[in-house]
Structure formats: C-alpha cells, structure tokens
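Here the structure is laid out as structure tokens; the discussion comes afterwards.
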Amino acid sequence: MDGARSAKLAGYFRWHRIIWAFGGATERAFLLLSAVTIYVFLPAAFVWFLLSGLRLEFPWEIYVTIGLAFSNMGAFYDVFGIVLYTKDSWGELLRRGHFHPHDKAAGEYLDYLESQGMNGRLPGGTRVGLLYWALFYGLVAGSVVFSFELLPLIGPLTPAAFLVVDAPIVFAFRHIARSRLPIIYGRRDHSGVQLSEPIFRSYR
C-alpha cells in the first residue's frame, strides 16, 4: 500500500513538473493558484470547519452555507484543470503514457491544440478559467457575508436561500463553459471538429 501511495504521489509531482516546465506564464500562474487552493486553502478550511464546528462556535447554518460555496469546486474542477495545459505539456504527458487508457482521445486533443489552438492553448480557455476562479472565490466570500447578514433575519432558511442564489449562477456559468469550450465536452466546435469522447476522461 505504501508503495502504491508513493508511486501515486510521484505521479502527481511529475505531472506538476511537466505542466510547469512546458507551460507558459499563464499555465504556471493557474498551476500555482490550483496548488494553493487544493493543498493550502481547502485543507485549512476543512480544519477550521472541524475544530470550530466541534465547539459550535457559530450556528450550524453558517457552516452549511459556507460549505455549499466550497462544494462548487466539484462543478468547476474540469475547467480549472484543462486550462493548465499547452500542446507541449499535453504532448509530453501523452508521450509518457499519462492518459492511458484514453490515449486515442488524448491524441485527438493534441492534434486539436496543434491545429486550432492559440499559441498551443485551448482557444478561450484562459478567459473561462479566470472567470471560473473569480466566481469560485467570489461565491465563497459571498457565502460568508450572506450567512452572517441573513441569519438574524431568516434563521434556518439561510442555507436554502443561499442555494437559491448559488445554484442558478453555477448552472449558468457551466453553460457558458460548454458553449465557449465545446471541444472538451465532446461537442463539435465552431470549426466543426469533434473528439471521439469528452476530454475530461482523458486528462485525469
């Protein structure tokens, strides 16, 4: 088991090194933002939830509302990940067998980045990635303000009220991603190109 964990950890570090080495300033910035979020911000938030929640320092509605905002990471993760790649980093990972057993789709995506990409990047990916990161952190910050401001007014309905605001925003922005980046969702893009399967199965 320890050997399997070590191999998996080494794989993650190798993946990060390749993205850093073969990416440009944009990809490196996204990689740093992802690393800080996943390895620092989210664990710190979890520890805060655990320690303060056990002592019930705040009403339970606060924790649930903020937790709903953090759960948006699951909806945004695909876009957060895909904008890390250039044709060079994707090609190197493909060469190393990182995408097995989805090598066919990964190869198709590499061809797409080489023929249709903007400087080897997914067209429109950087803008959508920035939008998604701003939205994720904006909703987290908004959930804190929302919960503390509305809790005295509506009490236990606070999480539900936040969800009424949060869910349509997340749904709308996922629609934006699908319309702006159709190729990664297995849909035909503006040039008529379509992959054999959604790229999300490949890049993980």
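The values are calculated or read from the model by the stated rules, or taken from the named source; none is laboratory data. If you're wondering where the values come from, they're calculated on a predicted model, not measured in any experiment. Here the Cβ positions follow ideal geometry from the backbone for every residue, glycine too, while neighbour counts run over all protein chains shown.
Does the stretch 158-175 include one or more residues that are of a type in the set (F, W, Y), without any contact (Cβ under 8 Å) to a residue 60 or more places away in the chain, in contact with a Lys or Arg (Cβ under 7 Å, 6 or more places away or on another chain) and closer than 27 Å to L84 by Cα? The answer is no, given that none of the residues of the stretch 158-175 is of a type in the set (F, W, Y), without any contact (Cβ under 8 Å) to a residue 60 or more places away in the chain, in contact with a Lys or Arg (Cβ under 7 Å, 6 or more places away or on another chain) and closer than 27 Å to L84 by Cα. Pairs linking a residue in the stretch 103-123 that is farther than 8 Å from K87 by Cα to a residue that is part of a helix (DSSP H, G or I) and of a type in the set (A, V, I, L, M), with Cβ atoms under 7 Å and 6 or more positions apart or on different chains, are D103/L94; A106/L94; G107/L94; Y112/I183; L122/I82; L122/L113.
Please find, within the stretch 173-204, the residue that is nearest to A106 (Cα to Cα) out of those that are β-branched (V, I, T) and not in a loop (DSSP other than H, G, I, E, B).
Step one: filter the stretch 173-204 for residues β-branched (V, I, T), giving 176, 183-184, 193, 199.
Applying the additional criterion that residues be not in a loop (DSSP other than H, G, I, E, B) yields 176, 183-184.
On the way: I176: 23, I183: 12, I184: 11 Å.
Out of the qualifying residues, it is I184.
Going through (1) more than 22 Å from L135 (Cβ to Cβ); (2) modelled with pLDDT of 95 or more; (3) of a type in the set (A, V, I, L, M, F, W, C); (4) in contact with a Gly (Cβ under 9 Å, 6 or more places away or on another chain) one by one, A21 falls short only on (4). Quick one: in the stretch 28-61, which of the residues that are aromatic (F, W, Y) and either surrounded by fewer than 13 Cβ atoms within 10 Å (Cβ to Cβ) or farther than 23 Å from G155 by Cα (or both) is nearest to the chain's Cα centre (by Cα)? The selected residue is F30. Only one entry in V140, V144, V128 is outside any loop (DSSP other than H, G, I, E, B), more than 19 Å from the chain's Cα centre (by Cα) and among the hydrophobic types (A, V, I, L, M, F, W, C), namely V144. Of all residues in the stretch 173-204, exactly one satisfies the criterion of being polar (S, T, N, Q) and within 16 Å of the chain's Cα centre (by Cα), namely S202. Just one of the numbered conditions (1) of a type outside the set (F, W, Y); (2) exposed (fewer than 11 other Cβ atoms within 10 Å of the Cβ); (3) over 20 Å from the mean Cα position of the chain (by Cα) is not true of D103: (2). Just so you know, in the stretch 72-101 the residues that are of a type in the set (S, T, Y) and at pLDDT 95 or above include one that is farthest from L135 (Cα to Cα), and it is S89.
Take A75 and tell me if it is crowded, with 16+ Cβ neighbours inside 10 Å, small (G, A, S) and more than 30 Å from G138 (Cβ to Cβ).
Details: crowded, with 16+ Cβ neighbours inside 10 Å: yes; small (G, A, S): yes; more than 30 Å from G138 (Cβ to Cβ): no.
So A75 fails the test.
When the stretch 93-113 is filtered for residues that are more than 26 Å from L32 (Cβ to Cβ), in a loop (DSSP other than H, G, I, E, B) and touching a Ser or Thr at 6+ places or on another chain (Cβ under 6 Å), only H102 remains.
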